[in-house]
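The structure under discussion appears below in the form of C-alpha cells.
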Amino acid sequence: MEANEYIILIAGMVFVTYLPRFLPLILLSQRNLPSGIVRWLGYIPVAVLSALLAPGILLKNGDLFLSIENISLLAFFPTIFIAVKTKNIFLTVIGGFFSYLFIQILL
C-alpha cells in the first residue's frame, strides 16, 4: 500500500468514527428533547458499561464461572455497594480495585 492509500484509509476511518458521534450532537443541540427520551438516554452509559464488564466478571474461558474462586465476582459486590452509597465514580473504581486486591490476598 502506498502513502496516499494509507491517508485515504485513515481519513475514511476518521469519518466513519466521528460522524455518528457529531451528527446527533449537531442536530440535537439546539432542540429540547422530551423528558422521557432524556431519561432513556441516561441509561445508555450504564447499559454499555454493564455489557462490557459482565463477561469479565461472570465468564472464564467462555464458560459461566459462578464460584467462590471467582475473585472478580466476589469483588463486584463491595464495588456495587460503594457505587450505590457514594455515587462517585472515582471512589467506586478505587474501592473496586482495593476490594479485588484484598480478596486476592485472602484467597
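The values are calculated or read from the model by the stated rules, or taken from the named source; none is laboratory data. Here the structure is a predicted model, which is why all the values come from computation and not from measurement. Positions of Cβ are generated from backbone atoms using ideal geometry, with glycine treated the same way; all protein chains shown enter the neighbour counts.
A few points about this structure:
The rows are residues; the columns are (1) of a type in the set (Lys, Arg); (2) touching a residue at least 12 places away in the same chain (Cβ under 8 Å).
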position: Arg39; (1), (2): yes, no
position: Gly42; (1), (2): no, no
position: Ala47; (1), (2): no, no
position: Ser50; (1), (2): no, no
position: Leu53; (1), (2): no, no
position: Lys60; (1), (2): yes, no
position: Leu64; (1), (2): no, no
position: Ala75; (1), (2): no, yes
position: Pro78; (1), (2): no, yes
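Residues are listed down the side, and each one gets a yes or a no for (1) in contact with a helix residue (DSSP H, G or I) (Cβ under 6 Å, 6 or more places away or on another chain); (2) not in a helix (DSSP H, G or I):
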site: Ser67; (1), (2): no, yes
site: Ser72; (1), (2): yes, no
site: Val93; (1), (2): no, no
site: Ser99; (1), (2): yes, no
site: Ile103; (1), (2): yes, no
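- Condition met for Ser50 (among the small types (Gly, Ala, Ser), within 23 Å of Leu106 (Cα to Cα) and either modelled with pLDDT under 95 or assigned to a helix (DSSP H, G or I) (or both)): no
- Flag if Gly56 is outside any loop (DSSP other than H, G, I, E, B) and over 19 Å from Tyr100 (Cα atoms): no
- Here is the figure for the range 89-107: residues that are farther than 8 Å from Ala75 by Cβ and either hydroxyl-bearing (Ser, Thr, Tyr) or touching a strand residue (DSSP E or B) at 6+ places or on another chain (Cβ under 6 Å) (or both) total 1.
- Boolean, Leu19 is out of contact with any helix residue (DSSP H, G or I) (no Cβ under 7 Å at 6 or more places or on another chain), closer than 17 Å to Thr79 by Cα and without any contact (Cβ under 8 Å) to a residue 60 or more places away in the chain: no
- Checking Ile80 against (1) surrounded by 13 or more Cβ atoms within 10 Å (Cβ to Cβ); (2) of a type in the set (A, V, I, L, M); (3) not in a helix (DSSP H, G or I), the condition it does not meet: (3)
- Apart from one condition, Thr86 fits all of (1) surrounded by 10 or more Cβ atoms within 10 Å (Cβ to Cβ); (2) within 26 Å of Leu107 (Cα to Cα); the exception is (2).
- In the range 22-47, of all residues being not polar (S, T, N, Q) and not in a helix (DSSP H, G or I), the one that is nearest to Lys87 (Cα to Cα) corresponds to Tyr43.
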